[in-house]
Structures are given as C-alpha cells and as structure tokens.
Amino acid sequence: MIELREVTKRYRDLTAVNRLSLHVGRGEVFGFLGPNGAGKTTTIKMIAGLMRPTEGSILVGGIDVAVDPMRAKALMGFIPDRPFLYEKLTGEELLRFVGGLYRVEGRRLDQRVDELFELFGLKDFRHEWIEGYSHGMRQRLVMSAAILHHPDVVIVDEPMVGLDPQGARLVKSIFREQCTRGKTVFMSTHTLGVAEEVCDRIGIIHKGELIALGTKEELQQQAKGDADRLESIFLQLTGGEGMTRVVEHLKS
Amino acid sequence: MTDDFLHLLYPSWRSLWSRKRGDRESGAFRQAVIFTLGILFWAGTFYLCYRVLSYFQGVEVIGTVLAVKLLSMLTVVFFSLLVFSNIVTALSAFYLSDELVLLHALPVSPDAIYLAKFVETLIGSSWMIVLFGLPVFGAYGVVYKASWTYYGAVLLGFVPLLVIAAAVGIICTMGLVRLFPARKTKEILLLLAVLFLVSLYLLFRFLQPERLFDAADRNRLLHFLAAVTPPSSAYLPSHWFKECLVPLLFARPGTPLFHFLLLASTAMASLTIGIWVEKRFYMDGWMRSQEAGETRIAVPAWIHRAADFLSRPFAAQARAVVQKDIRLFLRDTTQWTQLLLLAALVVVYLYNFRVLDLKQVPLATVYLQNLLAFLNTGLAGFVTAAVAIRFVFPAVSVEGRAFWLVRSAPISMARLVWSKFWMYLVPLLVLSESLVILSNWFLSVSGLMMGLSIFTMAFLTAGIVGLGIGLGAVYPRFFVENVAKIATGYGAILYMILAMGFVALTVFLEAWPVNAIFTSTFAGIEMHASRWALVIGSLALTAILSLGVCLFPVYWGIRRLEAREP
C-alpha cells in the first residue's frame, strides 16, 4: 500500500533521509521508530505529500505521490505531531471544512460528523471554538478529521503526544480496527510501548538510514537476541546503550 | 539583580542579531527595496518640514511664534504617540508573551524581569517613532541654522523622554490590566484607538478645512494659528523637551540645562515609581491574564447563512475554503477594526465629491466634470489597492499554522488560490464600482464617461486582487499572530508599490483615448476611424495589462506554494 523506493531527502549539506526503501502492505500497522533527528518526520511528510524527495519515489496505493499528488492524498489521512488548527472555527465547522476538501458532502457528511464526535468523545464541544480545546481534544479532533473520508492509509506523526490514558487507549483501538478493515496505518512514535502493542512490523531509522525492519521478534534477533523489550532493542540498535549506562549511574 | 537583568536581555539581543543576519542572507534586492523606501520616507518627511518651516521663517513678525507653536505641538504629539505605543507594546511584553511562563518559573527577581521587559518595551515601541522624528528635528536645525549643541540636545533629551514615556505607558498598562483582563484590554485599546482615529478623521473632514485655504483667509489662518494655544502644559515632559531646544534654535533666552535636568530626574523617578507599581500589581495581573480568553464577537447566524448561500456557486472544495475564510474573517476582531477604518475612508471619499463645488472654478464645467471623473478612476484604484493590502494580500497567510491541513488534503494549490481570488474579487468589485459610480453621479458626468469608468474599474480591480492574492502567496507569512501585521512585511510593501504603479500606468494608458474622445465630443467634431482604432487599441492594451497583472502573480503564487516545504 505504501512503497518507498530509494528515497533521499537533502537539505543543503544535510542528508535527512538516505536511500530509504520500504514496503508497507494493506491492513498493516507499521511503526516507524528512531531517535530525535533521525528523519522520521521528514519521511512522514514526504509520504503525506508535504515535502518532495530529492531522489527516489513514493507510491501510495500504487500512485506516485510526486506525480499525482491529488489522487494520492485522497487515499490518505494525515495526523501531524503538532495539531495546529483554525482557532476560530468550531470543531464541527472544522470537520465540515475537511469534508468539503475531501468531497464528502450532504447526509453522508452529517452522519459521519455525528459518528466521529461520538467516537472521540467530543460531542459536548462540537460547537465550541477550537481555541478553547485542550491539547488532547485537538489531537482527537485532528484524528477525526484524518479518518473522516475513510482513507485507505492513515499517516500519523507521534499519535500519543498530549493524550490522556483513555485517549491513548481509544487511538490504539482505532488503529487496530482500521487494520482489520484492510486499512494501512503508518505511524512514527517515541512511545515504544505503543509500537510494541499495536504495530505488526517496526522499522527503525537512524541518521537517515533504515537500520532495522521486521516484527518485534525479528528485531530481537537483529539486536543479537539478548534484549527482550522493544526499548532495549531500540537502544541497542540506535547506539543508545550509553543512555542505559547513564540511567544506571543515576540510579546508583 | 543587574546580572539577572542583563542576562534576561540576552535572548532579545541574540534574536535581533540572528534576524539581522537572516535579513542579510535573504537577498540584496529585498534589503535595497526596504532601505530605499526608508530613505524616501525620511527625505520626504525632511523636505515637507523644511518647506513648512522655511515658509514660516518668511512670515514677518509671527514666523518664529508659528515655528515654536509647531514644535510645541509636535513634541506633544510625539510624547502621546510614544505613551500609546508603549501601552500597546507593554501589554504584549508584560502579559501576553509566551516566554513569560518560563521567565516567571525561573528563580529571578520580579524586579529584574520588570527592568528587562521595560527595556524591551522601550526599544520595541520607540525606535520607529524616534527614527521618523529625527528628520523633523533635523529640518528645524537646518532651517534655523542651529549649532551642534542643538543636535546634541535633541539626542540627549530624547533618552529621558523615551524612558518617561515607557514608564508612563507601562504603569497605564498595569492599571488597565487591574480593571480588565489583559487579552480584553488589548482589544479594547485597539478598538478605542481606531474609533478615536476614525472620529478625528471624519470630524476633520466634515469641518471642510479646504475653506481655510481660501486665498483671502490665509492670513487670518496664520494669525489664528499664532494665537492658538497648543495642548501643552509646563508639567508635561514634552514641554521640558521643547524648552531644551527652543533657546538653542531661536537664540532666545531660556534654561535648557534646567529643563534637561527636569527630564533626567523625572525619568529616574518614573523608573522607581514603575518598580513600586510592579511590586504591587504586576504578578496579580499576570496571573489573571492566564485565565481570561479573548473577546468573542457574536456574528448573527443569518450572516453565516448568507455567506453559505453566496458560496453555493463554487464547487465542493472551493466552497469549503470560501465558507471557512468568511467565518474566520468575521470572527477576527483585528479585521473588524480594519473594517471601521475602511468605512471611514469610503465615507470621506464620497463626501469629498459631494461637497465639491465646480461652479466656482473658471473652466468649462462639463469638461472639468469628466476630467475629474477620469482621474477619480485612478483615485478609486488607489483606494481599492489600499483596501486590498489589508484584506486581499493576507488571504493566503491567514491559513496560518493550520496550512498543513490544506496541504495534506487533495486540493490543488491552484484551486485554493483561485477560490480566494474569487472570494475577494466580488466584494472589492462592489466596493470599487460603488466608489466610481456614486462619485461620478455626484459629479453628474456623461454616460460615456460613466461607462468608461465602470469598464476601467472592473479591470483595475481584477488586476489589484490578482496581484494581491498572487504576491500574498509568493510571500506568505504563516507564522504571524496578528493579521494586521501581515500587511507590513516586505511582500506587502512590494505589493503596494506594484499596485500603485499598475493604477498609474492604467491612467496613463487611458489618458490619450479619453482626451481624444472628449475633445472631439465637446468640439462637436466627428472622430476619424483611425483615431477610433487607436482609442480601442489603448483600451484593449489596458485590458491586457490588467489581465497580465492579475494572472501572472496568481500563477507565480501557485508555483511558490506548490514548491513550499514546511
């Protein structure tokens, strides 16, 4: 469903993503992990059509995002890490605006808006201006907007930031539910527990290069087999053992 | 405390330095344009003051009196502007700035924060007023051949004057925030300032000041000005500042040193009083400012329904953009204040034509009516451009940080930009055509002139809107908090210059055909076919120019938005 072919992104002298190739299938929840500055957000923005790769190509549903961005974007729903929204629209107006952009109209839109406010627990706030929403409420609203048009692919950058435990649980179950319906979820996260719990496969990016890819068990083997939790595997693969030593030192 | 105070200023200095470096990297052309405009403005201010003062100097007996009165008025105006500017800046610096949460969480004394914010407010609110005040005082020095002591006194006197204005402004702000929450104070102040300006503007215009410039009355006016007492008082710092300068300018007896010391001691006292007020009121006010939201203006539901109805002809995506933009526009209080200014501008514009008495002019009235109507098209074009810079140019920038939502949706940048173009073209066309039709009606012009004005205005408006939307997309400012600030950037300045140039060029292109038509009409001579061909050619050229000015920037803007990466 998502295919990255030798994707490279350079900013002047800095190579943020280097010859990244990846395939994510239909009905898969894919976790994209990496330390800060590894190239996760850049990759996600390239898939979502917000940035162009310097080299290589990205296909979503078989459509090249750079060649036919409108058709590719119609298949996707995007959730950014920071939910900046139009502050002086109400939650309902925002969803109706997004509906218009994705050409969801009339009764179909009315029904979907009701459904999403109910699902995300925002029913009582639908007529409130977004400027009055908390960070978690905004995040929920953005998620509603992203899945409003029943996209085949959901691209998520840091889905758990600012969510309360109920919100986090809701999001995890929504991702799994999307997957059972044959939809694809591509998410980057720092919350390794979430990746461990929700993702079918995980890719780890470090300094712009994909250094590991597979199920948790496959990653465990790649990390020489002595780590059992994703956190330890991640730290081993990204050279974060130093951090573990620091934590041990602080404990002592 | 001194260390903390200096340390707190460090981020501001560094940001300023980085911004300057960023400006240097952003291109020599941009810098050259801004620099040239600054110099032109400076030179213009200097020249205007120089001419007025030279004229005063030539008036016997009361010339010097007039110059002193003018200086007195100017210093009062400067001081008032400085105080008001400080009130507005202090609201942001002391209550609304995001960094305050971090600063107040630090183990730094509130006095150090107060002083750092004091300096920030003083510089932020005064630099522009001082910069453009200098040519005024420079003109005084040149006209009255002042010695270097005068220039030294201007610079030295300015320092305590600025400190006093900042302290008074900040104290006023702290008082206002005691009465209203900070966010509401900002809006109330803005609205009051705009209402004040609008009323002053309307009042001045309705007094018909042009009557005073009747040749017979001019002498009376000068004597009146000489007799009038400016709103100054011996207790005002602006008066002390003036008293520092007058003896050095006009070789009159006086006590400049005493007045300078008055300024300096008051500046130090005002700083101390400021700290005392800060200790009593600041923290309480700041904490309250965290709690209150912005004012909501309840727009009647029928306006939204009307907007939704009007956007029906658009396709789904464009309709979504238009409906969203109309809602955001109606809910933004800064846009409301701008609408007030616009309304005042239109009223005065039409009033000017209403009171125009052409019968007093010893020229063929019909010819003059039509000449004025022709020039009026250009004037209405300038007014439309002035309106467009406030509302049309920011159309893309108002997407703000939420622009990602549109970028990630399957809507092309072309559709987005064209939706905005049509959305703004319709109201601006109504405005500009109303201006020319009503003013032509007041002038009782011929049907031909009316038709030509309507034709020209339609093309001018399309060009002005296209240029505004296009350049707004080429130079978007998505991260500006206040919409009014979007119209003050480099792109906006460039837009204003190009729009004015476009209007002037259109008037120039149409001047010959209009003259040809009216000369032959009033002389009762049939126009030759070849002249008609030239007339039609000129008008066609105007239309082509307008379409070019409309289309090219829009396409440029679309390309730039498509290439833009977050």
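The values are calculated or read from the model by the stated rules, or taken from the named source; none is laboratory data. Worth saying up front: this structure is predicted, and the values here are computed from it rather than measured. Because the Cβ atoms are built from the backbone with ideal geometry, glycine has one as well, and the counts that use them run over all protein chains shown.
Restricting attention to segment B:298-332, and to residues there that are more than 10 Å from chain A (Cβ to nearest Cβ) and closer than 20 Å to A:G132 by Cβ, which single residue is modelled with the highest pLDDT?
Per the stated criteria, the residue is B:A301.
List the residue pairs whose Cβ atoms are under 7 Å apart, where the first residue sits in segment B:367-395 and is without any contact (Cβ under 8 Å) to a residue 24 or more places away in the chain, the second is part of a helix (DSSP H, G or I), and the two are 6 or more positions apart or on different chains.
Matching pairs, first to second residue: B:L368/B:L358.
Kindly provide the set of residues from segment A:39-84 that are over 23 Å from A:A145 (Cβ atoms) and in a loop (DSSP other than H, G, I, E, B), ordered by number.
Once the filter is applied, which keeps residues that are over 23 Å from A:A145 (Cβ atoms) and in a loop (DSSP other than H, G, I, E, B), segment A:39-84 yields A:G39, A:R52, A:P53, A:T54, A:G62, A:A66, A:V67.
Test each condition in (1) touching a helix residue (DSSP H, G or I) at 6+ places or on another chain (Cβ under 6 Å); (2) within 30 Å of A:T54 (Cβ to Cβ); (3) surrounded by 17 or more Cβ atoms within 10 Å (Cβ to Cβ) for B:V549 and report the one that comes out false.
Unmet condition: (2).
Would you call B:L494 in a helix (DSSP H, G or I), within 20 Å of B:L345 (Cα to Cα) and out of contact with any strand residue (DSSP E or B) (no Cβ under 9 Å at 6 or more places or on another chain)?
Criteria not met by B:L494.
Could you tell me whether B:P394 is part of a loop (DSSP other than H, G, I, E, B) and within 28 Å of A:L85 (Cβ to Cβ)?
Taking the combined requirement at face value, the residue does not satisfy it.
Return the only residue of B:G157, B:G124 being touching a residue at least 60 places away in the same chain (Cβ under 8 Å), at negative phi and small (G, A, S).
That would be B:G157, the only listed residue that is touching a residue at least 60 places away in the same chain (Cβ under 8 Å), at negative phi and small (G, A, S).
Among A:I155, A:I211, which is surrounded by 18 or more Cβ atoms within 10 Å (Cβ to Cβ) and either assigned to a strand (DSSP E or B) or away from chain B (no Cβ under 14 Å) (or both)?
A:I155
Of a type in the set (S, T, N, Q), outside any loop (DSSP other than H, G, I, E, B) and under 30 Å from B:P11 (Cβ atoms): is that true of B:S92 in this structure?
When the stated conditions are applied, B:S92 passes them.
Can you work out which of the residues in segment B:467-481 that are buried (at least 24 other Cβ atoms within 10 Å of the Cβ) and in contact with a Lys or Arg (Cβ under 7 Å, 6 or more places away or on another chain) is farthest from B:I389 (Cα to Cα)?
Within segment B:467-481, the match that is farthest from B:I389 (Cα to Cα) is B:A473.
Hey, B:T36 hits all of (1) in contact (Cβ under 8 Å) with a residue 24 or more places away in the chain; (2) loosely packed, with under 13 Cβ neighbours inside 10 Å but one; which does it fall short on?
B:T36 satisfies all of (1) in contact (Cβ under 8 Å) with a residue 24 or more places away in the chain; (2) loosely packed, with under 13 Cβ neighbours inside 10 Å except (1).
Kindly indicate whether any position in segment A:121-135 is buried (at least 20 other Cβ atoms within 10 Å of the Cβ) and under 30 Å from A:V17 (Cβ atoms).
No - not one qualifying residue is present in segment A:121-135.
Could you please find all residues in segment A:85-111 being facing another protein chain (nearest Cβ under 8 Å), over 21 Å from B:A563 (Cβ atoms) and either under 19 Å from the mean Cα position of the chain (by Cα) or not in a loop (DSSP other than H, G, I, E, B) (or both)?
Result: A:L85, A:E93, A:R96, A:F97, A:V98, A:G99, A:G100.
Give, as residue ranges, the helices (runs of 4 or more DSSP H) completely inside segment B:398-479 that count at least 1 residues that are closer than 24 Å to B:E562 by Cβ and within 14 Å of another protein chain (Cβ to nearest Cβ).
Once the helices (runs of 4 or more DSSP H) in segment B:398-479 are filtered for at least 1 residues that are closer than 24 Å to B:E562 by Cβ and within 14 Å of another protein chain (Cβ to nearest Cβ), what remains is B:403-407, B:413-443.
Suppose the filter is within 14 Å of chain B (Cβ to nearest Cβ) and either closer than 30 Å to A:T238 by Cα or touching a residue at least 12 places away in the same chain (Cβ under 8 Å) (or both); does A:E128 pass it?
Criteria met by A:E128.
Against the condition of a type in the set (F, W, Y), part of a helix (DSSP H, G or I), in the same structural domain as B:S434 (by TED's automatic domain parsing) and modelled with pLDDT of 85 or more, how does B:F518 come out, does it pass?
No, not satisfied.
In segment A:13-38, which residues are outside any loop (DSSP other than H, G, I, E, B) and without any contact (Cβ under 8 Å) to a residue 60 or more places away in the chain?
If the condition is that a residue be outside any loop (DSSP other than H, G, I, E, B) and without any contact (Cβ under 8 Å) to a residue 60 or more places away in the chain, then A:L14, A:H23 are the ones that fit.
Pairs please, first residue from segment A:39-62 and within 13 Å of another protein chain (Cβ to nearest Cβ), second anywhere and of a type in the set (V, I, T) and assigned to a loop (DSSP other than H, G, I, E, B), Cβ atoms under 9 Å, 6+ apart in sequence or on different chains.
A:M46/A:V65; A:I47/A:V65; A:A48/A:V65; A:G49/A:V65; A:R52/A:V65; A:P53/A:V65
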